[in-house]
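Here the structure comes first, spelled out in structure tokens, and everything after it is commentary.
Coordinate-derived values only; no laboratory data. Treat the numbers as computed from the prediction; the structure is a model and nothing was measured. Methodologically, a virtual Cβ is constructed for each residue, glycine included, from the backbone with ideal geometry; neighbour enumeration extends over all protein chains shown.
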Amino acid sequence: MKMYCYQCQEAAKNVACEGAKGVCGVTSEVINIQDLSVHLLKGLAIYSQKARENGIETDKTTAFMHQVLFTTITNANFTVKSSVEQIKTILKYRNELKTKLADKGIVLENLHKSATWEGEEKDFEAKAKTMVGKIDAPNEDIRSLRALILYGLKGLAAYAEHAHVLGYNQDDINAFTEKALIALTNDNLTVEENIALVLETGKFGVDVMALLDKANTETYGNPEITTVKLGVNKNPGILISGHDLKDIEALLKQTEGTGVDVYTHSEMLPAHYYPKLKKYKHLVGNYGGAWWSQKTDFESFNGPILFTTNCLVPPRKDAKYNDKVFTTGATSLEGWTHIADAEEGKEKDFSQIVELAKKCEAPIEIETGEIVGGFAHNQVLALSDKIVDAVKSGAIKKFFVMAGCDGRMKGREYYTDFAQELPKDTVILTAGCAKYRYNKLNLGDIGGIPRVLDAGQCNDSYSLAVIALKLKEVFELNDINDLPIAYNIAWYEQKAVIVLLALLHLGVKNIKLGPTLPAFLSPNVAKVLVETFGINGINTVKEDIKTYLG
Ligand code: SF4
Ligand code: SF3
């Protein structure tokens, strides 16, 4: 065994990736050093929590914790270097807090090993090798629950980081990050206590998505119905992927008037829906499909590509675009240029990308037409009378929440077939890159309401929850599960884990989760999820539609 990773839906044989390279292409060296950074983060959390309790400023520490966790998400960072730098900072921050606590006469003793390990850069590699193996836990069930908490926390951290860059932070979320990390070291917690913590992670999942929603909408306006072009213009272009709206805003500002157009890829598509981003005329369209199609999409794009977050796919050595890809934030890949964070109060400098774009050919058109999106809560609630009437009249029989992730696995064709097979009196509510399985099909509309309503990125699953809660109020129901809404969620990485836990916290039952159930669920934990929440896997499209619609 060179590594042990089972955090995503692609875990080898739906058990774990254990060799020199994961299915996603990440090396064991990277996974192991990332495991070391997460391990040491637990020790930092111990100090940070104590500091918080004693009135010592910890905002910088918790923001950094979120960055570290984000870096370890599937398909975000493929370099050892990023984690080495982060580990140095973890140890530095830990020492700073130790000193500040000591100044107040507080000395922590009998600490978990994650809080006591000392080392220098030269020691990291050897220490990382000792991380190889399953998550530390007294038994398989606790291990499984710890995995659910940790992976949910990684998703939470990604959203917290996006909110943070826009200047939005929430103390109780930060305190929860510390609490959850520390709980992962506590062997005295029972199975029941760990289950409670899983649900609490879901509660903070809702809170962090609400915070990010506030950050995005207060900064860029409420998403509105928008038609996005799929074809190309004649100017050279820059393709921007990932979820970071602040990065696309900076790129749009820095390309304005330069003759360079900006296109979105995969999870950046919803940027088109925000008034303060769509106002830029040179934000011309969306190019290509979901993250996993990047190897073909990028070949024909011709211009530079900027990754602001996951999902990156390691390229072929001879890929035509290899010298044109840039990463920023939590993302990084050996051989691609990384754009550093900006100094406080300044904007990231994307000038080298813009200069490179000017020398490139315009993108080759790979498809034509357009897609419509922007159905986040504010927009949908503005249409609520029309929607409620359609439900009351029977024109809309059921809504299907099909949010989450897309992926390259063949079995995901299920979602395209499912969308196509749904009766014409049903509406799909979507968010996340899962939408690429059906957002270009012509599924029509019901009295002007499109049959696929895209709320935005995966974090905008929050919007779908807001819509569901509003409908519950309108229809005067006591239970969210009495609504004509069914949940068929596709997952791939850890942001989908926090979305799932958030839905559980909101009381949503009978969620179908696919295309496969997580490898990190032990039989007993899977049983709890089935018995308590009715979570179940997918079957054939026909069987599933029959189950949903009777
Ligand atoms: Fe395997 Fe997924 Fe881990 Fe990559 S992130 S090593 S594919 S389990
Ligand atoms: Fe997609 Fe990676 Fe999950 Fe934001 S970009 S949803 S997979």
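Annotations
- Net charge, Ala196 excluded, C-beta distance under 15 Å - Lys, Arg +1, Asp, Glu -1: -1
- Cα convex hull volume per residue for segment 277-372 (Å³): 132 Å³
- Within segment 1-97, GluC sites (Glu not before Pro) in DSSP loop having at most 12 other beta-carbon neighbours inside 10 Å: Glu57
- Centroid-to-centroid separation of segment 96-111 and segment 276-329 [C-alpha atoms, Å]: 46 Å
- The chain: relative contact order as a whole-number percent, Cα under 8 Å and 6+ apart: 17 percent
- Sites Asn54 and Lys424, calculated FRET efficiency, Cβ-Cβ separation with R0 45 Å, nearest 0.05: 0.15
- For segment 514-536 versus segment 347-367, the gap between their alpha-carbon centres in whole angstrom: 45 Å
- Sites Asn188 and Ile449 - FRET efficiency at Förster radius 51 Å, r taken between beta-carbons, to 0.05: 0.45
- When only Cα pairs below 8 angstrom with a gap of at least 6 residues are kept, segment 226-358 shows a relative contact order of 27 percent.
- Whichever lysines have a C-alpha closer than 18 Å to that of Lys295, once near sequence neighbours (fewer than 8 apart) are set aside: Lys317, Lys320, Lys324, Lys410
- Only DSSP H runs of four or more residues enter the estimate; each adds -39500 (n - 2.57), and after division by the residues of the chain the mean residue ellipticity at 222 nm equals -14000 deg cm²/dmol.
- A full extension of the chain between Ser351 and Lys320 corresponds to an added length of 9.0 nm, given 0.36 nm per residue minus the alpha carbon distance.
- Debye equation applied to the C-alpha atoms of segment 16-101, log10 I(q)/I(0) at 0.12, 0.22, 0.24 Å⁻¹: -0.39, -0.96, -1.08
- Pairs of lysines in segment 86-211 whose Cα atoms sit within less than 14 Å of one another amount to 6, provided the residues are eight or more positions apart or on different chains.
- Proximal aspartates and glutamates to Lys397, defined as alpha-carbon separation beneath 14 angstrom and excluding residues fewer than eight positions away on the same chain: Asp389, Asp425, Asp445, Asp482
- Those lysines that a straight Cα-Cα span of less than 20 Å connects to Lys346, excepting residues fewer than 8 apart in one chain: Lys60, Lys246, Lys253, Lys276
- Neighbour net charge for Gly329 - beta-carbon separation under 10 angstrom, K R +1, D E -1: -2
- Other residues within the sphere of radius under 13 Å centred on the Cβ of Tyr280, judged by their own Cβ, net out at +2 (K and R +1, D and E -1).
- Three-way shape label, segment 1-47, alpha-carbon gyration tensor, a/c 1.5: prolate
- Residues Val380, Val466, sorted so that the one with the fewest Cβ neighbours within 10 Å comes first: Val466, Val380
- Scattering profile of segment 375-549 at q = 0.08, 0.18, 0.19 Å⁻¹ [log10 I(q)/I(0), Debye over alpha-carbon scatterers]: -0.22, -1.22, -1.37
- Ranked packing of 387-393, 483-489, 426-432, most packed first, by mean Cβ within 10 Å: 426-432, 483-489, 387-393
- Against the empirical 2.2 N^0.38 Å (N residues), the chain has a Cα radius of gyration ratio of 0.94.
- If you plug the beta carbon distance of Thr547 and Lys104 into 1/(1 + (r/R0)^6) with R0 = 60 Å, you get a FRET efficiency near 0.50.
- Considering only Cα atoms, the convex hull volume of segment 12-219 works out to 127 Å³ per residue.
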